[in-house]
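Working notes, structure below.
The values are calculated or read from the model by the stated rules, or taken from the named source; none is laboratory data. A quick note: this is a predicted structure, and the numbers were derived from the prediction, not measured. All Cβ positions, even for glycine, are placed from backbone atoms using ideal geometry, and neighbour counts span all protein chains on display. Ligands, DNA and RNA are stripped out before the accessible areas are found, and what is left, the full protein with its side chains, is counted by its heavy atoms. Shrake-Rupley method; radii C 1.70, N 1.55, O 1.52, S 1.80 Å.
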Amino acid sequence: MAVDPLIELRDVNKYYGQLHVLRDINLTVGRGEVVVVIGPSGSGKSTLCRTINRLETIESGRIAIDGRPLPEEGKGLAQLRAEVGMVFQSFNLFAHRTVLANVSLAQLKVRKRKKDEADRRSRELLERVGLASHADKFPAQLSGGQQQRVAIARALAMDPKALLFDEPTSALDPEMINEVLEVMQQLARDGMTMVVVTHEMGFARSAANRVVFMADGRIVEDRTPEAFFTAPESDRAKDFLSKIL
Ligand code: ADP
Ligand code: MG
């Protein structure tokens, strides 16, 4: 697998002050691959996502997207964040703008699309996430699951090469989780490269090519879902799985 690497981390180390939060991380995500990252709270999953689109800097190691090192600053950075979209637990929609405007905004500013072109693309994407009829509403008029689907449409509007998801369903009421996971499943089937931090083991089993298990800032296991769930190798993973399954 990973014959065509899109995201590559080599010997990445990150500290928060004294805290060594990412330790010798080596990870390759191939084009079209879905990698699910799991692990106990505080193990560094969010930090890993944030380093990949350079919301955080690293102290040592290398990160490359599509063969190019991460840009340090400026225009390259905005370009990177368009190419590697991120979907957070909290959807961060603009409350005073319509759903359509939320999806169009970065297309105008970052992609420099004309308004009618951006709005047309936004409507296509809202259709894709099942929200075509909600384009003119405001975020507060939508459920949490619908808002998260708008956030996914907004990320897709940048035509990203990859999407990072950091616990996208953790803030949702249980009955809304599946509608978001179904959109993510469809993206996976359509070939989107995805790194997904989630506690949804059903999603990991059905959508992931690989499961990466983290503990204490290290990647402890990096295997197929079948191998990981049926025969975890490390005591840390066995312990973690016994608590959540
Ligand atoms: P996870 O997402 O797996 O729960 P995080 O990546 O959020 O883990 O955090 C990893 C560790 O880094 C934790 O010990 C957390 O308290 C710490 N941490 C996260 N963000 C910061 C920060 N901005 N400053 C200092 N410590 C942080
Ligand atoms: Mg986290």
Check: Tell me, which residue of the stretch 33-50 that is assigned to a loop (DSSP other than H, G, I, E, B) and open to solvent by 30 Å² or more (accessible area, probe 1.4 Å) is farthest from ligand 1 (Cβ to nearest atom)?
Finding: Pro40
Margin query: For the structure I just gave you, tell me whether Val183 is aliphatic (A, V, I, L, M) and either under 18 Å from Pro40 (Cα atoms) or within 16 Å of ligand 2 (Cβ to nearest atom) (or both).
Written below: no
Check: Condition test on Ala82, is it part of a helix (DSSP H, G or I), under 26 Å from Gly144 (Cβ atoms) and away from ligand 2 (no atom under 16 Å from the Cβ)?
Finding: yes
Item checked: Which listed residue is over 27 Å from Val180 (Cα atoms) and within 15 Å of ligand 2 (Cβ to nearest atom), from Lys14, Lys75 -> Lys14
Checklist line | Pair list, Cβ under 7 Å, 6 or more apart: the stretch 39-55 residue touching a residue at least 24 places away in the same chain (Cβ under 8 Å), other residue near ligand 1 (Cβ under 7 Å from one of its atoms) and assigned to a helix (DSSP H, G or I) | finding: Gly39/Lys45
Check: Of the residues that sit in the stretch 191-203 and are more than 16 Å from ligand 2 (Cβ to nearest atom) and more than 19 Å from Val84 (Cα to Cα), which one is most open to solvent (accessible area, probe 1.4 Å)?
Finding: Gly202
Next item on the list: Could you list all residues from the stretch 174-200 that are more than 13 Å from the chain's Cα centre (by Cα) and within 16 Å of ligand 1 (Cβ to nearest atom)?
Entry: His199, Glu200
Margin query: Given the condition open to solvent by 70 Å² or more (accessible area, probe 1.4 Å), within 16 Å of ligand 2 (Cβ to nearest atom) and modelled with pLDDT under 95, answer yes or no: does some residue in the stretch 51-69 qualify?
Written below: no
